[in-house]
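Following: one structure in structure tokens, then a few remarks.
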Amino acid sequence: MLANASRRRFVGWLGGAAALSAAGWSSAKPVLVNKCRVAIPAALNDSPWLSQVWDGIDPAQLWDCHVHLAGLGDGGSGIEIGPQLASPLHPLHYAQRLFYMNAGCAHDAPGKVDQAYVARLLNLCDAMPAGFKVMLFAFERFHDGRGDAHPEHSAFYVPNAWAAQLARDFPARFEWVASLHPYRADAVDRLETAISGGARAVKWLPAAMGMDPADARCDAFYRVLARRGTPLIVHCGEEKAVEGSNTQALGNPLRLRRALDAGVRVVVAHCASLGDDVDDDGKVRRSFDLFLKLMAEPRARDLLHGDISAISQRNRQPAIIRTLLERSDLHDRLLHGSDYPLPGVVPLTSPAALARAGLLPKAAVHDLDILRQHNPLFFDFALKRLLRWQGHSFSPAVFATRRLFAASQA
């Protein structure tokens, strides 16, 4: 996740992000940063690996359902950066922000960061076939139990209005996803307005935003989502955005039962592929295993989905990818998402490591590495299309994501 920019594991692979921050951004450039190249080399047109990734895929049905907006608020976007990301006095978080902005190729645009980020994303989309779109996430502030916002506890804030404006301005490439806190006194009215304004889904990150999906205070919100057919995308599993807090348990996949019982279509971001949570018997188990448990419950039939964003990152266990590839019975409930801009954070994803784990053809690694330098959005899609384990791969259904989101009643 970009907006939850305090996750230590994302820069654990950097060998000391605090040192990089203290030494200066330029010291990191030679080996660790996204080169932000543009046109995909013509030589890749002949790649036997990349030429096959669109087989069986209708680009008009492929909406990348997990894409973050970022910026500094310097272009009228209303984006806000929390103090831990804005100051070198918080070196780990500050270094993370530098890498995220580099991943979105907005790090060399003083005074125009917001626009540079969007321009780069449009450029990446334009390299994809007509019909392909990305779903842009707004990101709500942290709220307390009374429904009051606390910017000082919020790592990042992206207004609904900014995401909605971009979707209106660039309808051929962008859709938008609202982010609304259910405890607000005006939550239901704001939700109705967002859906009528074209929001294709709502995004929650409970540990960072402070909502409990199992709380009765969410019921009115759920009733609107169910009636309008609007999916709720929820980050489940480990989250580092609120350090030293007691909110981690809010990301337990089993806490989504209340939404499912209300008839809400729910998408578990990243398939809860990181961290541990408490099971019904009080034992601690992998969040991913609890996601699979919930998927098997009758209440989840036709309602619960998972997005496969971030599953190929180096802080995920290869066994999780193997399970998802093998579980073809779940493929029509899995959805492609890139978690952009994170595919552009070079140390996070290693095609070579995936090949060593038997999950990618070794011969495809070189072409994927070159592709990432030019288009990390396409890179993430191609990598997931090429994932293999003992004859298993993701069904084309995983990449027909529009079916879930286009039905939202605007």
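The values are calculated or read from the model by the stated rules, or taken from the named source; none is laboratory data. Keep in mind that what you see is a predicted model, and the values were worked out from it rather than measured. Using ideal geometry, Cβ is built from the backbone for each residue, glycine included, and neighbour counts are taken over all protein chains shown. In case anyone asks, the SASA skips ligands and DNA or RNA and just uses the protein heavy atoms, side chains included. Shrake-Rupley method; radii C 1.70, N 1.55, O 1.52, S 1.80 Å.
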Pair list, Cβ under 7 Å, 6 or more apart: region 137-159 residue aliphatic (A, V, I, L, M), other residue open to solvent by 40 Å² or more (accessible area, probe 1.4 Å): Ala149/Arg141
Just to be sure I understand, how many residues within region 366-410 are of a type in the set (Gly, Ala, Ser), closer than 29 Å to Val177 by Cα, assigned to a loop (DSSP other than H, G, I, E, B) and open to solvent by 20 Å² or more (accessible area, probe 1.4 Å)? 6
Does region 262-309 hold any residues that are on the phi > 0 side of the Ramachandran plot and in contact (Cβ under 8 Å) with a residue 60 or more places away in the chain, and which are they? His270, Cys271
Restricting region 110-129 to residues that are outside any helix (DSSP H, G or I) and touching a helix residue (DSSP H, G or I) at 6+ places or on another chain (Cβ under 8 Å), the residue that is surrounded by the fewest Cβ atoms within 10 Å (Cβ to Cβ): Pro129
Among the candidates Ala185, Ala194, Ala216, which residue alone is over 17 Å from Arg141 (Cβ atoms) and modelled with pLDDT of 95 or more? Ala216
Residues of region 328-371 being free of Cβ contacts under 8 Å to residues at least 12 places away in the same chain and over 13 Å from Lys384 (Cα atoms), in sequence order, are Asp329, Arg356, Lys362, His366
Name the helices (runs of 4 or more DSSP H) wholly inside region 148-253 in which the number of residues that are surrounded by fewer than 22 Cβ atoms within 10 Å (Cβ to Cβ) is 1 or more. 160-169, 187-196, 219-228
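One line per residue, one yes/no per condition, for (1) more than 19 Å from Gln313 (Cβ to Cβ); (2) assigned to a helix (DSSP H, G or I); (3) open to solvent by 10 Å² or more (accessible area, probe 1.4 Å):
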residue: Leu325; (1), (2), (3): no, yes, no
residue: Asp329; (1), (2), (3): yes, yes, yes
residue: Asp332; (1), (2), (3): yes, yes, yes
residue: Ser338; (1), (2), (3): no, no, no
residue: Pro343; (1), (2), (3): no, yes, no
residue: Leu359; (1), (2), (3): no, no, no
residue: Ala364; (1), (2), (3): no, yes, no
For region 263-306, which strands (runs of 3 or more DSSP E) that fit wholly inside it have 2 or more residues that are in contact with a helix residue (DSSP H, G or I) (Cβ under 8 Å, 6 or more places away or on another chain), at pLDDT 95 or above and farther than 24 Å from Val224 by Cβ? 276-278
I need the full set of residues from region 372-410 which are farther than 26 Å from Phe174 by Cβ and free of Cβ contacts under 8 Å to residues at least 40 places away in the same chain, in order please. Gly391
